[in-house]
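The values are calculated or read from the model by the stated rules, or taken from the named source; none is laboratory data. Source: prediction; values computed, not measured. Here Cβ is always computed from backbone atoms with ideal geometry, including for glycine, and neighbour counts include all displayed protein chains. What goes into the accessible areas is simple: the full protein's heavy atoms, side chains included, and nothing from ligands, DNA or RNA. Shrake-Rupley method; radii C 1.70, N 1.55, O 1.52, S 1.80 Å.
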Protein chains: 2
Amino acid sequence: MTAVPRFRRVAVLGTGLIGGSVAVALRGRGLADEVVGHDPREGAEALRLGLVDRIEPRVRDTLHGADLVVLAAPVAANCALLHEIGRLPPGALAPEVSITDVSSTKRSIVDAATGSLGRLLPRFVASHPISGSERHGAAAATPGLFDGCVAVVCPGADSAPDAVERTGALWRGLGARVVTMTPHRHDDLFAAVSHWPHAVAFALSAAVGSGDFADDARRYSGAGLRDTTRIGASSPELWADILLDNRAPSLAAAKAFRAELDAIEQALLDRDRSALVAVLARGANWRSTL
Amino acid sequence: MTAVPRFRRVAVLGTGLIGGSVAVALRGRGLADEVVGHDPREGAEALRLGLVDRIEPRVRDTLHGADLVVLAAPVAANCALLHEIGRLPPGALAPEVSITDVSSTKRSIVDAATGSLGRLLPRFVASHPISGSERHGAAAATPGLFDGCVAVVCPGADSAPDAVERTGALWRGLGARVVTMTPHRHDDLFAAVSHWPHAVAFALSAAVGSGDFADDARRYSGAGLRDTTRIGASSPELWADILLDNRAPSLAAAKAFRAELDAIEQALLDRDRSALVAVLARGANWRSTL
């Protein structure tokens, strides 16, 4: 185990659920002398809730003197922030700064870093803490969000070893277990285990909620439907962007899911009990080991 | 509110998760002088766990002297039990007996009662406590299973008022809220809110669990996948039988789900963000009110 780092000043760009939780967890654990936030929409709320020490209206002022920068806006906004950071004059960032992000997809942010950061590229190390909630916004931020979760870190070929080390140490400091993988592996894996499952939960919620049974479903559904659809209450905008950003892997996951669903439906049409049991058992066998 | 009934002798046929929980809840709340179980597979375990007072190997001996009979075997076995009960000689059952079931589908059991019970038909009142677990078997039985849940009661045109009343009182006595509906409405509604959602959870588990990501999914999945697939760990045999028994309504629910899923996939193929947000929002709007 590496010693838990102590940061001088952490800049958190985007103080919604994830960024706000990073901020308040750093403060709560005494891991940063100062946490500075920037978020045109959620910033005031984050300050009021005590997630951050202060809020800066300008990106450049937020970054000033920071030894850790956490990009916690939606992925497209994070890419735009990398572009903005890459165009800052030398000296705008501390030379020892580490820059990371918390986006749910990793190929596009790594591509944006490669295209935008120039001399700062070695300071960038992408990450994705596997933790979240169907809730969103600063009001949902909580210091325990990363406790016991997995944090995926995706170093680039150009990442400086000390930046990789400090990014891992950040997540370990917040209670997460750190795993390293390539951006491609990350995006393929999370399309299958997270992005497409979200699409399924949204679709199931929409099917139940826009049919003849919407009201009765609310009254009579059990824990099964509540659990199966829970992440279907997530932010539509956020998840539309994730699915679009991770489009090809998500469509591949969709195809795999559809094959299993087709098999169930066909067995039901054919009244073929053994075929139906076989596909349900394929799911149950795996799920029982989760 | 009606007074909570006290039963002299309750016969529970099928002492798995639901039947075992009915038995142990009746005993725990002191609502029955005696609970007699019958289950060729789970009976010995139910007795060992103290879910029932005694186990009878023969159906007829189980029913003897009972003022309440609860059919808690899988639905096809319950239908066969109704046939067996209908062929018993007069006097084999107490004249004031109430017979109910706990099957997840209601049309087929009501049809079986109508076809099999003869002079006993007025004593039968179908019910379905909306409570369960991905676990199964006597070992999973728990006295709190019905606390706060909804119990659907489906009286037939021939059901005697006192039998209807006592069936409702049973579920209220175990902590449930009683709702009355027709078997047709029940089966259509629960295809949409329970049976097809189970198929979706099985399919998603199978897709994740039989692909390239089965092992990594086990390691890196978050609460989202765990919740979305939880009921995909249910019994494949049990759910194959429920889906087959409730085939047409399940296929109708499948069609509604597929329409939403197709809309998501098409929007993703078309890179149409506003169409994608629209369908995800349709799901999120309903789910947020659940």
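Against the criterion of being more than 24 Å from A:Asp272 (Cα to Cα), touching a Lys or Arg at 6+ places or on another chain (Cβ under 9 Å) and more than 7 Å from every other protein chain (Cβ to nearest Cβ), B:Ala176 does not qualify. For the condition among the acidic types (Asp, Glu) and either part of a loop (DSSP other than H, G, I, E, B) or at pLDDT below 95 (or both), B:Glu260 does not qualify. Which residue is nearest to the chain's Cα centre (by Cα), if the candidates are limited to region A:264-278 and must be under 15 Å from B:Glu237 (Cα atoms) and more than 7 Å from every other protein chain (Cβ to nearest Cβ)? Ranking the qualifying residues of region A:264-278, first place goes to A:Ala278. With the structure loaded, tell me whether A:Val102 is touching a helix residue (DSSP H, G or I) at 6+ places or on another chain (Cβ under 9 Å), at pLDDT 95 or above and within 14 Å of chain B (Cβ to nearest Cβ) or whether it fails that test. Against the criterion (touching a helix residue (DSSP H, G or I) at 6+ places or on another chain (Cβ under 9 Å), at pLDDT 95 or above and within 14 Å of chain B (Cβ to nearest Cβ)), A:Val102 qualifies. Here are A:Ala223, A:Ala214: which of them is surrounded by fewer than 23 Cβ atoms within 10 Å (Cβ to Cβ) and more than 7 Å from chain B (Cβ to nearest Cβ)? It is A:Ala223. The set of residues in region A:132-145 that are in a loop (DSSP other than H, G, I, E, B) and more than 14 Å from chain B (Cβ to nearest Cβ) comprises A:Ala141, A:Pro143.
Table: residues versus (1) of a type in the set (Gly, Ala, Ser); (2) in contact with an Asp or Glu (Cβ under 9 Å, 6 or more places away or on another chain).
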| position | (1), (2) |
| --- | --- |
| A:Arg9 | no, yes |
| A:Gly14 | yes, yes |
| A:Asp39 | no, yes |
| A:Glu45 | no, yes |
| A:Gly50 | yes, no |
| A:Val59 | no, yes |
| A:Thr62 | no, yes |
| A:Asp67 | no, yes |
| A:Val75 | no, yes |
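Count of region B:65-91 residues, restricted to those that are surrounded by 16 or more Cβ atoms within 10 Å (Cβ to Cβ) and in a loop (DSSP other than H, G, I, E, B), is 5. The set of residues in region B:41-58 that are exposed (fewer than 15 other Cβ atoms within 10 Å of the Cβ) and on the phi < 0 side of the Ramachandran plot comprises B:Arg41, B:Ala44, B:Arg48, B:Arg54, B:Pro57, B:Arg58. Exactly one residue out of B:Ala281, B:Ala201, B:Ala248 is outside any loop (DSSP other than H, G, I, E, B) and more than 7 Å from chain A (Cβ to nearest Cβ): that is B:Ala248. Can A:Cys79 be described as under 20 Å from A:Ala191 (Cβ atoms) and within 14 Å of chain B (Cβ to nearest Cβ)? So A:Cys79 does not fit the description; no. Looking only at residues in region A:106-131 that are part of a loop (DSSP other than H, G, I, E, B) and modelled with pLDDT of 95 or more, which one is nearest to A:Leu170 (Cα to Cα)? Among those residues, the one meeting the criterion is A:Val125. Among the residues of region A:226-239, some residue qualifies, meaning at least one is of a type in the set (Lys, Arg), open to solvent by 50 Å² or more (accessible area, probe 1.4 Å), under 25 Å from the mean Cα position of the chain (by Cα) and at the interface with another protein chain (Cβ under 7 Å from one of its Cβ atoms). Is it the case, given these coordinates, that B:Ser205 is touching a His at 6+ places or on another chain (Cβ under 9 Å), polar (S, T, N, Q), more than 19 Å from B:Gly283 (Cβ to Cβ) and modelled with pLDDT of 95 or more? No; evaluated as a whole, the condition is false for this residue. Can you tell me which residue is farthest from A:Ala207 (Cα to Cα) among those in region B:246-255 that are out of contact with any Leu (no Cβ under 9 Å at 6 or more places or on another chain) and surrounded by fewer than 21 Cβ atoms within 10 Å (Cβ to Cβ)? Filtering region B:246-255 for residues that are out of contact with any Leu (no Cβ under 9 Å at 6 or more places or on another chain) and surrounded by fewer than 21 Cβ atoms within 10 Å (Cβ to Cβ), the one farthest from A:Ala207 (Cα to Cα) comes out as B:Ala248. Going through (1) open to solvent by 20 Å² or more (accessible area, probe 1.4 Å); (2) in a helix (DSSP H, G or I); (3) more than 7 Å from chain B (Cβ to nearest Cβ) one by one, A:Trp171 falls short only on (1). Of the residues B:Pro122, B:Pro183, only one is out of contact with any strand residue (DSSP E or B) (no Cβ under 9 Å at 6 or more places or on another chain) and open to solvent by 10 Å² or more (accessible area, probe 1.4 Å); which? Testing whether each residue is out of contact with any strand residue (DSSP E or B) (no Cβ under 9 Å at 6 or more places or on another chain) and open to solvent by 10 Å² or more (accessible area, probe 1.4 Å) leaves just B:Pro122. With the structure loaded, tell me whether A:His195 is touching a Cys at 6+ places or on another chain (Cβ under 8 Å), surrounded by 23 or more Cβ atoms within 10 Å (Cβ to Cβ) and either more than 7 Å from chain B (Cβ to nearest Cβ) or among the aromatic types (Phe, Trp, Tyr) (or both) or whether it fails that test. So A:His195 fails the test.
If you check B:Leu243, B:Leu290, B:Leu261 for being within 7 Å of another protein chain (Cβ to nearest Cβ), within 27 Å of A:Ser131 (Cα to Cα) and open to solvent by less than 20 Å² (accessible area, probe 1.4 Å), only one passes: B:Leu261. Could you check, for region B:146-166, whether at least one of its residues is within 13 Å of chain A (Cβ to nearest Cβ) and either farther than 29 Å from A:Ser210 by Cβ or in contact (Cβ under 8 Å) with a residue 60 or more places away in the chain (or both)? Yes, region B:146-166 contains a residue that is within 13 Å of chain A (Cβ to nearest Cβ) and either farther than 29 Å from A:Ser210 by Cβ or in contact (Cβ under 8 Å) with a residue 60 or more places away in the chain (or both).
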